[in-house]
């Protein structure tokens, strides 16, 4: 993987007000850190960030007016809707040393188990890999075309790019094709029309005040029921 140039400027303003101003100017606040050097607040144009993310770029040349830093995009923070980039974390790297990177696992093809009544369950969607910065894969692709019902593909069966290794449990399931869960069948059954009586939970609940009134009546009735017993006990004591 070749490093992609990412133009940036040194950011002087800090705090919420300064960050909000940058975003109104179509710029993204970022921070560059790592390799024993001080953290450097940066500003990158929104267009630069979007272009890098769209191409699944991970390794970048952070280009400043007076220096160029090798770094990889470690974290991207989005707004709640996942549409706008709010912040970027860039970590300096040494091209001769391995780093740990989280990459996406993407499924390819249509499992034959679907024709057998099975359901495909993608259990492991991300994987931490160890490699040199120049070997960071954009993603790991898994072909599920031959996946039959009641079978699975494990971590140990993944085809990793050259120079990429993993340290997770090799017996961990990545994707499986199984029978539909009983809960799904039960849900479908309850949706079928029939002469069954409606469940109690569908009945309209009494108002809070009505519940309180009924509770009060019950309590009062219980109290009245206890009074004769108390009086009878008093009579026995008088004898």
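Taking the mean number of other Cβ atoms within 10 Å as a proxy for protection, how do you rank 80-86, 175-181 from highest to lowest?
So the order, starting with the most tightly packed, is 175-181, 80-86.
Please pull out the direction-averaged projected area of the range 4-93, using the convex hull of its alpha-carbon atoms, in nm² to one decimal place.
Computing the convex hull of the Cα atoms and averaging its projections yields 5.7 nm².
Give the order of 136, 173 when sorted by the count of other beta carbons within 10 angstrom, beginning with the fewest.
Sorted ascending by nearby Cβ count, the order is 173, 136.
How much of the DSSP bridge set in the range 101-189 is antiparallel, in percent, rounded to the nearest 5?
Of the beta bridges lying entirely in the range 101-189, close to 75 percent run antiparallel.
Quick check on the exposure proxy: order 89, 94 from fewest to most C-beta atoms within 10 angstrom.
Going from least to most buried by this count: 94, 89.
Going by how many other Cβ atoms sit within 10 Å of their own, how do 24, 58 line up, fewest first?
Sorted ascending by nearby Cβ count, the order is 24, 58.
If you find the alpha carbon centre of the range 1-22 and of the range 99-121, how far apart are they in angstrom?
Result: 37 Å between the Cα centres.
Looking at the square roots a ≥ b ≥ c of the eigenvalues of the Cα gyration tensor of the range 57-110, which shape do they give, rounded for a/c under 1.5, prolate if a/b is larger than b/c, or oblate?
oblate
Based solely on C-alpha atoms, express the radius of gyration and the Dmax of the range 50-173 in angstrom.
17.6, 62
Give me the distance in nm between label points sitting 7 Å out from Cα along the Cα-to-Cβ direction at residue 115 and residue 156, one decimal.
It is 3.0 nm.
Since every read-out is calculated from the coordinates, none of them should be taken as a lab result. Source: prediction; values computed, not measured. So basically every Cβ, Gly included, is an ideal-geometry build from the backbone, and we count neighbours across all protein chains shown.
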